[in-house]
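Each remark here refers to the structure printed beneath this line.
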Amino acid sequence: MRPGVAGLLLACLLAASVTIARAQAPVAFTEPEVRRILHYGPWPQPVLRDPSNRVSGNADAIALGGRLFYDRRLSGDGAMSCAACHLPDRGFTDGRDRAYGRAALDRNTPSVWNVGFARWFGWDGAADSLWRQSMKPILNPIELAADANHVAALLRSDQELSAHYAKAFGAVPDATSADETTLVNTGKAIAAYLETLVSRRTSFDDFRDALANDDRAAAARYPVAAQRGLKIFVGKGNCVFCHFGPTFTNGEFADVGMPYFAAKGGVDAGRHGGIKELLADRFNLLGPYNDDASGAAASKTRHVALQHRNFGEFKVPGLRNVALTAPYMHNGSLATLRDVVLHYSELDEERLHADGVRILRPLHLAPQEVDDLVAFLESLTERSPTAQTGKSHPPQ
């Protein structure tokens, strides 16, 4: 081989090795970035108790709710259950772009992992408690299509369900005039079960704790691509504005440039419509079924006001186990995490509300940055069989 060619080959190999070394080098985080990262834990957090639900955390209510969640008899025709749309092996979603039961609104089925930590429920926040949200599919004519009498009759007719109900709430009343209370209690039992669906630790959590403990050896086990993606997430991407805290969500609503025209015609008003529905709902926390005598739980509902800027806003989802819950966005229009990252990279600002403070800007990510941010998001998912099947939390 001629010397000149050999020298050129050597130079190329050295350049390639430098590039590889840089790609594998640990990421340096600034002190402000580290502080932001530490706010995402520790995980898991203690399971919250809902003061508006007197059986929150009650073992018999959890057992009853777990059985009802998977019981097709809860539906009017015996063909549907809650788990028919919230499939454990799909991250408690259904894998469809738009849910079977919410087809009229063209909405995606949200996961119920970590739902007990939420502040509002549904893409539009039309429910202010988990127990109220748990009642909605039961009554929805295009979901379980049941009513209070049907639910009460099921609980009276099944000895095992009746026994759990009696231990949690007292005997199921015989009088049909009390069936509405029985329906509400059913929602509260399902909510008690859903509160137990807390996702497990991920490789990100190990890295976060390693930073907290200044354990460099443990931190080095976190993939470098995920580290680079994390740096974008807490830095350049400013994703922390909406996705912060241990569940990676502020629990509120945002316009992120997604169209709100429904595929089957009409407009999905998002949070604007949700607030209208919430304030007109006799089962909200201002109503007679709130178990919190102090009134503190209802304060958030009491202070909700309808504003024009709420139009086209949808709930900011938590990101734990996000790799299991495709497709994404309120209408399921983005098939992969890469599509989600590209949406924010190439954001069309013309789709954003002009009302209020402009938060989002196109990120203009390089291809490597897109890969890195996807790697980080994937690291928020526990890859063990229990995470993907939900079998770590069976009905009791």
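Laid out as a table, the results:
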quantity: For the chain, with +1 on Lys and Arg beta carbons and -1 on Asp and Glu, the positive-most of Leu211, Ala145, Pro51 along the dipole; calculated: Leu211
quantity: Highest-fluctuation residue, Glu382, Glu180, Glu31 considered, GNM on the chain with Cα pairs under 10 Å; calculated: Glu31
quantity: Whole-Hz couplings from phi, Karplus 6.51/-1.76/1.60, listed for region 106-120; x for Gly and Pro; calculated: 6, 10, 7, 6, x, 6, 9, 4, 6, 5, x, 8, 6, 9, 10
quantity: Ala127 long-range amide H proximity, modeled H, under 5 Å; calculated: Phe121
quantity: Under the Debye formula (equal points on every Cα, no solvent term), log10 I(q)/I(0) of region 305-364 at q = 0.12, 0.14, 0.23, 0.27 Å⁻¹; calculated: -0.36, -0.49, -1.12, -1.27
quantity: Dipole of the chain [Lys/Arg +1, Asp/Glu -1 at C-beta], most positive-end residue of Val224, Gln133, Leu87; calculated: Val224
quantity: For Leu87, residues with placed amide H under 5 Å, excluding near neighbours; calculated: Phe92, Thr93, Asp94
quantity: Centre separation in Å (Cα based) which lies between region 214-259 and region 151-169; calculated: 44
quantity: Efficiency of FRET between Ala262 and Arg119 - r from beta-carbon atoms, R0 30 angstrom, step 0.05; calculated: 0.70
quantity: The chain, helix-only ellipticity at 222 nm - DSSP H runs n ≥ 4, -39,500 (n - 2.57), divided by all residues, nearest 500; calculated: -11500 deg cm²/dmol
quantity: Ranked by how many other beta carbons lie within 10 Å on average, peptides 78-86, 55-63 from highest; calculated: 55-63, 78-86
quantity: Stokes-Einstein translational diffusion, region 226-366 - Kirkwood Rh over all Cα pairs, 0.692 mPa s, 37 °C, in µm²/s; calculated: 192
quantity: Separation in nanometres of the label points that stand 7 Å from Cα toward Cβ, at Val27 and Ala79; calculated: 4.8
quantity: Mean Cβ neighbour count within 10 Å, used as a protection proxy, ranking 273-279, 125-131, 346-352, 192-198 highest first; calculated: 125-131, 192-198, 273-279, 346-352
quantity: Pairs of alpha carbons in the chain whose separation is greater than 34 Å (percent); calculated: 35
quantity: Pairwise Cα inverse-distance average, inverted: Kirkwood Rh of region 150-252 (Å); calculated: 17.8
quantity: Gaussian network model of the chain, springs between alpha carbon atoms under 10 Å - residue of Ile359, Ile37, Ile138 with greatest fluctuation; calculated: Ile359
quantity: Whole-Hz couplings from phi, Karplus 6.51/-1.76/1.60, listed for region 72-79; x for Gly and Pro; calculated: 5, 5, 5, 7, x, 9, x, 9
quantity: Residues whose placed amide H lies under 5 Å from that of Leu334, excluding near-sequence neighbours; calculated: Tyr328
quantity: Cα-Cα over 18 Å, subset of Lys136/Lys276; Lys167/Lys188; Lys188/Lys276; Lys136/Lys300; calculated: Lys188/Lys276; Lys136/Lys300
quantity: Computed label-point distance, nm, for sites Arg49 and Ala220 using a 7 Å Cα→Cβ extension; calculated: 4.5
quantity: For Leu286, net neighbour charge (Lys/Arg +1, Asp/Glu -1) across residues whose Cβ lies under 15 Å away; calculated: 0
quantity: DSSP H segments from the chain that extend 27 Å or more along their own axis, Cα-based, with Kyte-Doolittle mean of 1.6 or above; calculated: none
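Any read-out appearing in this document is the output of simple, stated calculations on the displayed coordinates, not a laboratory observation. Remember, predicted model here, so these are calculated numbers, not experimental data. Glycine gets a Cβ as well: all are built from the backbone with ideal geometry, and neighbour counts include every protein chain shown.
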